[in-house]
Amino acid sequence: HLLNHALFKSLLFLGAGSLMHGSGSRDLNRMGGLMRRMPISGLLIVCGSLAISALPPFNGLIGEWFIYRALLESGTVLSGLAGFFPLVLLGLLALVGGMVIVVMTRIIGIALAGEPRSQAAAEAHEAGWPMWSGMAALALLCLAGGLMPVLLLQVAGRAAILVDPAAATMLAE
């Protein structure tokens, strides 16, 4: 899940930079309507938003799914109070996931949708290909991680072996 976060959060940070560059403003409330003026950056930001919100077909869903499954299994295997805590964490994770969807919807609604809220937003321009090409690569990796999670699991498994060689035996099981 750390690898997933590295991919979609990098995409969203680059997207924020692209919006700041194209609109000439750091104030989200002065943006608006940027999807029409910056369609490539806007689409890539929406991809990052879907990924961080753990919505299909992006990689965030895969990492969240593993966490949900682990919490559910530990909540049913453990007894007494020890079994209660994973279920509480499960509920908190669902709450946080819902909040992320609300926040990302709000950001997309304020910056990308609607009408420009300032002259700078009305004159916004798409970032050049050197700026959005990195975003596109990250968006494709987020999509690939959601459609072919085995690829990301293999990368994570190799990294785990580098950190802890004993992980090789756990991954073989």
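The values are calculated or read from the model by the stated rules, or taken from the named source; none is laboratory data. Nothing here was measured: the structure is a model prediction, and the numbers come from that model. Cβ: placed from backbone, ideal geometry, glycine included. Neighbour counts: every protein chain shown. For accessibility, only protein heavy atoms count, side chains too; no ligands or nucleic acids. Shrake-Rupley method; radii C 1.70, N 1.55, O 1.52, S 1.80 Å.
For the chain, the longest principal axis of the Cα atoms and the long axis of helix 2-23 meet at an angle of about 10 degrees. For the chain, the longest principal axis of the C-alpha atoms and the axis of helix 39-52 are separated by about 20°.
Ligands, DNA and RNA excluded, the heavy atoms of residue 115 present near 110 Å² of accessible surface to a 1.4 Å solvent probe.
In degrees between 0 and 90, to the nearest 10, how far off the longest principal axis of the chain does helix 129-147 point, with axes built from Cα atoms? That works out to roughly 30 degrees. Using heavy atoms of the protein chains and a probe of 1.4 Å, the accessible area assigned to residue 21 is about 100 Å². The Rg/Rh ratio of the chain, with Rg taken over Cα atoms and Rh as the Kirkwood radius over Cα pairs, comes to 1.08. The mean sequence distance of close C-alpha pairs (under 8 Å, at least 6 residues apart), as a share of the length of the stretch 53-121, puts its relative contact order at 26 percent. Computed from the C-beta positions of residue 106 and residue 36 and an R0 of 30 Å, the FRET efficiency is 0.95 to the nearest 0.05. With q set to 0.10, 0.17, 0.26 Å⁻¹, the log10 of I(q)/I(0) for the stretch 56-146, from the Debye formula over equal scatterers at the Cα positions, is -0.47, -0.92, -1.21. Overall, the stretch 35-173 carries a charge dipole of about 260 debye about its Cα centre when +1 sits on the Cβ of Lys and Arg and -1 on the Cβ of Asp and Glu, all other atoms neutral. Rolling a 1.4 Å probe over the heavy atoms of the protein chains gives the chain an accessible area of 58 Å² per residue.
Counting protein heavy atoms only, the chain has 74 percent of its accessible area on carbon and sulfur, 1.4 angstrom probe.
The calculated P(r) of the stretch 1-96, using every Cα pair and 10 Å bins from 0, goes 16, 33, 24, 16, 9, 2 in percent. Overall form of the stretch 36-91: prolate. Here a/c, set by the Cα gyration tensor axes a ≥ b ≥ c, is 1.5 or more, and a/b is the larger of a/b and b/c. Per residue, the chain reaches -24500 deg cm²/dmol at 222 nm when only DSSP H runs of four or more residues are counted, each adding -39500 (n - 2.57).
Kirkwood radius, the stretch 95-167, all distinct C-alpha pairs, inverse of mean reciprocal distance: 16.1 Å.
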